[in-house]
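> Before anything else, here's the structure in question.
The values are calculated or read from the model by the stated rules, or taken from the named source; none is laboratory data. For clarity, every value in this text was computed on a predicted model and none was experimentally measured. Neighbour counts are summed over all protein chains in view; Cβ atoms, including those assigned to glycine, are modelled from backbone coordinates with ideal geometry. Heavy atoms of the whole protein, side chains included, go into the accessibility calculation; ligands, DNA and RNA do not. Shrake-Rupley method; radii C 1.70, N 1.55, O 1.52, S 1.80 Å.
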Amino acid sequence: MHENMHIENSIKELARRTPSSDLSHCQNIDHYIQKLGFNNRHHLKTYLSAQKPNSPIFTQLAKAICAIREPSTEPYGALEFVEYRTGYRIRGGYNVDVHDIWLGLDADYRDVRIPSGDFDAKRVVPYTRNDADTTIYVIENLYELQAWEKHKWQGMAVVSFTLIQTHYKHFFASEGRLIEGYDEDHARKVIQARTEIRRILGNSGLTIDEVL
């Protein structure tokens with residue numbers, strides 16, 4: 001029942017947030033129901049009621065809804081699955097790229113970064129979908145975020161920043177390593193040396209993890 005209500009409420013929110021001006025609210029709901037592959041509300045309710053709890057159809061519909069949902073005015077961050085190390089890992093050990101900000105350096109002169117909630121979702125989401133023909137998900141509740149995480153939806157996930165803060169608290173742990181009053185000239189030399197070492201290793205087909 002919870003999953004049924006989640007899907008039905010999400011469709012109602014689609015109709016409220018992104019309506020066609022020439023349709024009534026009920027007609028807008030029907031429009032999105034049909035866009036998701038159902039004939040009408042009765043067809044949707046009957047189909048969902050026949051599903052067992054945790055049926056894959058609920059996740060599939062949540063994914064489809066996130067792929068067409070327009071962002072609201074709330075703060076958002078952005079996440080995306082990647083194959084390389086980023087410093088941000090989620091359950092299952094997967095690496096994710098995160099829209100973040102630079103705060104400063106730690107005691108080893110390494111960057112301290114944390115997720116940012118200033119992702120310009122209202123501009124980026126429609127532009128990306130319309131011009132780049134790229135899948136981009138707008139995720140606004142824990143059910144959707146856990147589905148994205150579990151099933152590794154490929155494509156950028158634009159996520160409510162409040163949700164990122166509560167579900168991925170460890171993304172912000174590095175803030176505690178931030179230091180002030182360091183020797184800027186020495187820090188610059190250390191950073192330049194690391195960059196040069198990585199360049200040399202890269203030219204040899206090696207990574208820094210292989211030699212340290």
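> Please list Glu184, Glu70 from largest to smallest accessible area, probe radius 1.4 Å, with all protein chains kept in place. Numbers along the way, then the final one.
Details: Glu184 140, Glu70 55 Å².
Sorted by accessible area, descending: Glu184, Glu70.
> Another one. Leaving out ligands, DNA and RNA, what percent of the accessible area of the chain is carbon and sulfur, probe 1.4 Å? Before the final figure, lay out each step's value.
Values: 6470 of 12680 Å².
Roughly 51 percent of what the probe reaches on the chain is carbon or sulfur.
> Starting from the Cα of Ile197, step 7 Å along the direction of its Cβ; do the same at His2; then give the gap between the two resulting points in nm.
About 4.8 nm, to one decimal.
> Sticking with this one: Computed from the mean reciprocal separation of all distinct C-alpha pairs, what Kirkwood hydrodynamic radius does the stretch 127-212 have, in Å?
On the way: mean 1/r = 0.0580 Å⁻¹.
The answer is 17.2 Å.
> Return the whole-Å distance between the Cα centroid of the stretch 74-140 and the Cα centroid of the stretch 146-212.
Taking the Cα centre of each part, the stretch 74-140 and the stretch 146-212 sit 12 Å apart.
> Would you mind calculating the relative contact order of the stretch 1-63 from Cα pairs under 8 angstrom and at least 6 residues apart, reporting the percent as a whole number? Numbers along the way, then the final one.
Working: 37 pairs, mean separation 24.5, N = 63.
Worked out over the stretch 1-63, it gives 39 percent.
> Which order do peptides 147-155, 20-28 fall in by mean Cβ count within 10 Å, highest first?
Values: 147-155: 15.8, 20-28: 11.2.
Averaged packing, sorted descending, gives the order 147-155, 20-28.
> Any chance you could give the angle, 0 to 90 degrees and rounded to 10, that helix 142-151 forms with the longest Cα principal axis of the chain?
Between the helix axis and the principal axis of the chain, the angle is about 70 degrees.
> Given 10 Å bins starting at zero, what is the percent of C-alpha pairs of the chain in each, up to the one with the largest pair distance?
7, 26, 29, 20, 10, 7, 2
> I need the calculated FRET efficiency for the pair Leu142 and Ile57, taking r as the beta carbon distance and R₀ as 22 Å, to the nearest 0.05. Intermediate results must be reported in sequence, preceding the final value.
On the way: r = 19 Å, r/R0 = 0.87.
Given R0 = 22 Å and the Cβ-Cβ separation, E is 0.70.
> Taking the chain as a Gaussian network, Cα atoms linked when under 10 Å apart, which of Val159, Val124, Val190 shows the biggest mean-square fluctuation?
Maximum among the listed residues: Val190.
> Calculate for the chain the 222 nm mean residue ellipticity that helices alone would give, adding -39,500 (n - 2.57) per DSSP H run of length 4 or more and normalising by residue count, nearest 500 deg cm²/dmol. Intermediate results must be reported in sequence, preceding the final value.
Numbers: 9 runs with 101 residues, N = 212.
It lands at -14500 deg cm²/dmol.
> Another question, then. Extension gain Ser24-Asn40, at 0.36 nm per residue separation less the Cα-Cα distance, in nm? Walk me through the numbers on the way to the answer.
Working: separation 16, 0.36 × 16 = 5.76 nm, distance 1.51 nm.
Answer, rounded to one decimal: 4.3 nm.
> Right, next: Under a point spin-label approximation (7 Å from Cα along Cα-to-Cβ), what is the Asp108-Ser72 distance to one decimal in nm?
With each label point 7 Å from Cα toward Cβ, the separation is 4.0 nm.
> How far, in degrees from 0 to 90, does helix 184-203 lean away from the longest principal axis of the Cα atoms of the chain, to the nearest 10?
With both axes taken from Cα atoms, the answer is about 80 degrees.
> Can you give the accessible area per residue of the stretch 60-212, in Å², using a 1.4 Å probe?
Values: 8940 Å² over 153 residues.
For the stretch 60-212, the solvent-accessible area averages 58 Å² per residue.
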